1. Which whole-Hz ³J(HN,Hα) couplings does segment 93-100 yield from phi under the Karplus relation 6.51 cos²θ - 1.76 cosθ + 1.60, θ = phi - 60°, glycine and proline marked x?
2. In terms of the Cα gyration tensor, with a ≥ b ≥ c the square roots of its eigenvalues, is segment 64-185 rounded because a/c is under 1.5, prolate because a/b exceeds b/c, or oblate?
3. What does the charge count around residue 81 come to, taking other residues whose C-beta lies under 10 Å from its C-beta (Lys +1, Arg +1, Asp -1, Glu -1)?
4. Mind checking the full-extension length gain between residue 102 and residue 199? Use 0.36 nm per residue of separation minus the Cα-Cα distance, one decimal, nm.
5. Given the options 176, 135, 111, state which has the largest fluctuation in a GNM of the chain using a 10 Å cut-off (strictly under) for Cα springs.
6. Please compute the contact order of the chain in relative form: average sequence separation of alpha-carbon pairs under 8 Å and at least six residues apart, divided by the residue count, as a percent.
7. Assigning unit charges at the beta carbon (Lys, Arg +1; Asp, Glu -1) and nothing else, what dipole magnitude in debye, to the nearest 20, does segment 110-217 show about its Cα centre?
8. What are the ³J(HN,Hα) couplings of segment 68-81, residue after residue, when phi is run through the Karplus curve with 6.51, -1.76, 1.60 and θ = phi - 60°? Round to Hz, x for glycine and proline.
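Please treat every number below as a calculation from the coordinates, not as lab data. Everything quoted here is computed from the prediction, not taken from an experiment. Reconstructed Cβ throughout: ideal geometry from the backbone, glycine too, with neighbour counts over all protein chains shown.
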Amino acid sequence: MIRFPRAAKIALPLALVALAAPSLSQMPSTPPGAPDKSRVTAGNYTVDGTHSMIAWRVNHLGFNDYFGLFGELGGSMTFDPANVAATKLIATIPVSKVVTVNQALTGHLLKPGADGAKPDFFGPNAADAVFTSTKVIPGADGMSATVEGNLTLNGVTKPATFTAQFVGAGVNFFNKAQTIGFHGQSTIKRSEFGLGFFAPLVADEVKLDITIDFEKK
């Protein structure tokens, strides 16, 4: 068996990554995505989980807001720019991977209930949240939409609505995928999903900021 020096073991994977990525001379001079609707093509898309996430924001005791993040989103979208109202969307949010900047807070969100009781928040075995669209209402500006649907979170399903704003479309030069991206906003009440611990001292209303892109398959 051939044995490689430790330095070679490190250098080889880095070299393979460098070969796979475009060289600086191959990089475009402008971003591949642009807010140009003519770049959008109809078809089936999947969520680019590496670059899609949801930030949540909740008021703390009336003093200030604090934040958390859900990443690694999944899901799919059927989209036709000529018939936006016919859009079908399903998105999955891995609640068990919630991130905050405070270890104690993250631990509390995922902590099991004491002595077999219900957890204060998600608990240690949180299922993915799922949003499924039921209606899409295009905006008058042609660049936005209101998306209505059902959100299943913490084992509870409730109607939910978010606004979506088209950000850009184009071909990603890294993987050659036709890509389309959006920003979105929504507000939910955590108590409606069995997550009302310490409300209203810690606000019941949770603001969601969504950034998501889809790759055509």
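1. So the Karplus estimates, Gly and Pro as x, are 10, x, 4, 5, 9, 4, 10, 9 Hz.
2. Details: a/c = 2.41, a/b = 1.86, b/c = 1.30.
Verdict is prolate for segment 64-185.
3. Details: positive: 37, 39; negative: 80.
Residues near residue 81 contribute +1 overall.
4. On the way: separation 97, 0.36 × 97 = 34.92 nm, distance 1.99 nm.
Value of the extension gain: 32.9 nm.
5. Of the options given, 176 has the highest mean-square fluctuation.
6. Working: 467 pairs, mean separation 48.3, N = 217.
In percent, rounded to a whole number, it is 22.
7. Values: 10 positive and 11 negative charges, 48 e Å.
Approximately 240 debye in magnitude.
8. Couplings: x, 8, 10, x, 6, 5, x, x, 8, 8, 9, 9, 9, x Hz.
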